[in-house]
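Comments concern the structure below.
The values are calculated or read from the model by the stated rules, or taken from the named source; none is laboratory data. Note that the structure is predicted; figures quoted are calculated from it, not measured. Neighbour counts run over all protein chains shown; Cβ positions are idealised from the backbone, glycine included.
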Amino acid sequence: MLRLRVGLALVVASAIVMLASSGARADAGSSVISSTLAVLRPVTLGGTTVKPGTYTVSADDTKITLVANGKTVATANVQWKDTPQKSKSTNLVSESGAIKEVHFNGKTRYVEIAN
């Protein structure tokens, strides 16, 4: 009976490791990062005013896009930067009402909005 439990535990542990590693590969192979972003006050992105609300934010190798209700609201060119710690949430950094950075939940990489 003990042998059966140990064998079952090994099968379950192997399945968990396989699922975790396949998720990491899919994430690492993807060139687009998407998340939900709450904008609490009006800001600008790429010269476009973004009203308060909830947006889907997506960033690829060269640009960031904010989408609301299936419609693209704003885009801008970006540069990717690294930080030593993973972000605890998806959030933006603004200066003088303009979005300067977007950090993604659970990621060490973030985007800096290009001028």
Out of segment 93-115, which residues are surrounded by 13 or more Cβ atoms within 10 Å (Cβ to Cβ) and of a type in the set (Asp, Glu)? Glu101, Glu112
Find the strands (runs of 3 or more DSSP E) located wholly in segment 1-110 whose residues include 2 or more that are modelled with pLDDT of 95 or more and charged (D, E, K, R), and list them. 71-82, 98-103
How many of the residues in segment 42-69 are closer than 17 Å to Thr90 by Cβ and either free of Cβ contacts under 8 Å to residues at least 12 places away in the same chain or of a type in the set (Gly, Ala, Ser) (or both)? 5
